[in-house]
1. Going by the structure shown, is I61 in contact with a Ser or Thr (Cβ under 9 Å, 6 or more places away or on another chain) and either among the hydrophobic types (A, V, I, L, M, F, W, C) or free of Cβ contacts under 8 Å to residues at least 40 places away in the same chain (or both)?
2. Of all residues in the range 10-42, count the ones that are closer than 30 Å to D69 by Cα, out of contact with any Leu (no Cβ under 6 Å at 6 or more places or on another chain) and surrounded by 12 or more Cβ atoms within 10 Å (Cβ to Cβ).
3. From the list W52, W45, exactly one residue is within 14 Å of the chain's Cα centre (by Cα) and touching a residue at least 12 places away in the same chain (Cβ under 8 Å). Which is it?
4. Please determine whether any residue of the range 64-81 is under 16 Å from V14 (Cα atoms) and among the charged types (D, E, K, R).
5. Tally up the residues in the range 46-76 that are in a helix (DSSP H, G or I) and not hydroxyl-bearing (S, T, Y), please.
Amino acid sequence: MSDQLRVHMRDGSVWEIPAEMIVKDMRKHFGNPLEEFDAEDICDWASGNMDWDDVSDDASIYEEPKAADYDSWWVESEKEIV
C-alpha cells in the first residue's frame, strides 16, 4: 500500500504518514491480518487511537508551516486580562 494519511496541522504544515503503518496498528488490535479498512476507518483510528508520538518517526513533511503573521493575527486574536 502506498497511500498516505495527509494531516493538516494548525500551524499550516501538512504531514504525510504511510497509511499502511496505521493499518498495521489496527490489525494488531483487531487480530485479523486480512481485514480491509477504508479511508474513513484509517482516519478515525489515527485520530482516536494513536498519538503523534506513534506516527512522528514515519511522518514526512509535505508542506512547510506558514510564516507567522502576528500583525494580522493581532487584530483577530482573542484577548483577556488575567
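1. The answer is yes for I61.
2. Qualifying residue count for the region: 5.
3. Answer to the check: W45.
4. There is at least one residue in the range 64-81 that is under 16 Å from V14 (Cα atoms) and among the charged types (D, E, K, R).
5. Number of matching residues: 14.
Readers should treat all values here as calculations from the given coordinates under stated rules, not as data from a laboratory. What you are looking at is a predicted structure, and each value in this text was computed from that prediction instead of being measured. Methodologically, a virtual Cβ is constructed for each residue, glycine included, from the backbone with ideal geometry; neighbour enumeration extends over all protein chains shown.
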